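Okay, so here's the structure we're looking at.
The values are calculated or read from the model by the stated rules, or taken from the named source; none is laboratory data. Just so it is clear, the structure is predicted and the values come from calculations on it, not from any experiment. Note: ideal-geometry Cβ built from the backbone for every residue, glycine included; neighbour counts use all protein chains shown. For accessibility, only protein heavy atoms count, side chains too; no ligands or nucleic acids. Shrake-Rupley method; radii C 1.70, N 1.55, O 1.52, S 1.80 Å.
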Amino acid sequence: MYKAKSEASRTVIYNADQDAHSPRRLSMMSELGTAIRQNQLVLHYQPRIHIASKRCMGCEALVRWQHPRLGMVPPGEFIPLAEMSDLIQPLGLWVLEKALQQIAAWRERGMELVVSVNLSTRNLMDAAFPSHIEKLLQKFPVPPDLLEVEITESTLIGDPERALSVIDRIHSLGVRFAIDDFGTGYSSLGYLKRLPIDTLKIDRSFIRDMLMDEQDAVIVQSTLGLAHSFGLDVVAEGVEDEKTLEALQKLNCEQAQGFHISRPVPADVFEAWYRAEGNPPA
Ligand code: C2E
Ligand code: MG
Ligand code: MG
């Protein structure tokens with residue numbers, strides 16, 4: 001009904017996947033709080049590399065839920081549920097804590113890596129969030145610029161002033177920011193100027209088809225031009241083959257992430273991959 005009301009046609013066919021109140025979702029919602037407290041969540045890490053040197057520059061932490069009955073549940077299924085409830089705050093903090101713990105553990109073994117985490121818009125509407133991050137940075141004393149927060153263009157749609165103030169406070173702690181899925185939201189170039197971002201990640205929908213679709217290639221090329229003139233690092237997301245990687249290098253795109261390089265994997269598998277690829281220390 002809510003979906004029908006929001007569509008111009010006023011009619012939609014019932015689809016259980018979109019129903020927040022389906023039995024599966026209702027039970028997941030009631031279990032999620034316990035899952036966070038009992039460490040049923042786990043972070044997988046996907047590398048991003050410097051295309052020309054193939055060196056690993058960092059990785060993205062992606063959350064999964066190891067559900068006792070349902071098996072591995074992807075974030076697309078439970079993050080929206082967390083966002084509908086107050087669980088998005090403890091979930092965001094859990095992810096940050098685990099990521100910082102991992103940064104510290106890797107540093108001890110000589111791997112100095114930038115780890116990016118995804119925060120929800122609601123985390124960035126929460127005026128208390130920066131002080132929570134500050135406490136976590138005291139608990140795990142790692143250089144704050146090894147932590148990068150990924151936000152999307154839609155973060156600034158609802159209440160831009162409030163989100164910008166939270167973002168600025170987190171940035172003043174020395175934490176880096178990246179804009180995720182760039183090109184899919186209602187991009188306002190004005191926001192690019194106001195946001196303290198270091199990295200721009202081009203959405204995988206443009207990368208996927210850039211070799212076949214001239215318009216996607218133009219979007220990738222123009223985004224690179226724009227990002228470079230703002231002095232930002234660019235990461236192409238969702239690179240699935242060598243030909244796309246080569247094309248990106250020709251367009252002067254510095255970094256890439258995607259299944260062709262590695263799928264998101266548990267921390268120990270990531271570490272083995274990192275060393276096998278000849279990254280420092282050898
Ligand atoms: P994202 O931040 O854009 O993350 C990239 C997604 O693309 C990941 O899906 C990753 O597995 C997938 N991917 C990477 N390379 C390729 C590729 O070459 N081909 C294809 N087809 N896909 C690729 P995943 O892990 O299912 O995460 C989906 C989304 O869930 C993320 O999109 C992010 O928006 C959200 N998410 C993940 N972890 C968290 C988290 O800890 N907190 C919050 N708030 N959101 C999260
Ligand atoms: Mg991301
Ligand atoms: Mg993305």
**Request:** Confirm whether Trp65 is open to solvent by 20 Å² or more (accessible area, probe 1.4 Å) and either at pLDDT 95 or above or in contact with a strand residue (DSSP E or B) (Cβ under 7 Å, 6 or more places away or on another chain) (or both).
**Result:** no
**Message:** One residue is enough: does the stretch 250-268 have a residue meeting the conditions more than 15 Å from ligand 1 (Cβ to nearest atom) and of a type in the set (Gly, Ala, Ser)?
**Reply:** no
**Request:** May I ask you to list the residues in the stretch 184-208 that are farther than 26 Å from Gly174 by Cα and of a type in the set (D, E, K, R)?
**Result:** Arg204, Arg208
**Complete:** Trp94: passes all of (1) more than 25 Å from Thr34 (Cα to Cα); (2) under 16 Å from the mean Cα position of the chain (by Cα) but (1)
**Fill in**
Ile170 vs (1) open to solvent by less than 60 Å² (accessible area, probe 1.4 Å); (2) at pLDDT 95 or above; (3) within 16 Å of ligand 3 (Cβ to nearest atom): all pass except (3)
**Request:** Considering each residue of the stretch 173-215, count those that are part of a helix (DSSP H, G or I), free of Cβ contacts under 8 Å to residues at least 40 places away in the same chain, open to solvent by less than 60 Å² (accessible area, probe 1.4 Å) and within 15 Å of ligand 1 (Cβ to nearest atom), and give that number.
**Result:** 3
**Request:** Scan the stretch 145-159 for residues that are in contact with a Lys or Arg (Cβ under 8 Å, 6 or more places away or on another chain), open to solvent by less than 60 Å² (accessible area, probe 1.4 Å) and in a helix (DSSP H, G or I) and jot them down.
**Result:** Leu146
**Asked** So how many residues does the stretch 126-155 have that are within 16 Å of ligand 2 (Cβ to nearest atom), touching an Asp or Glu at 6+ places or on another chain (Cβ under 8 Å) and not polar (S, T, N, Q)?
**Response** 4
**Prompt:** Residue check: is Leu113 in contact with a helix residue (DSSP H, G or I) (Cβ under 7 Å, 6 or more places away or on another chain) and over 21 Å from Val166 (Cα atoms)?
**Reply:** yes
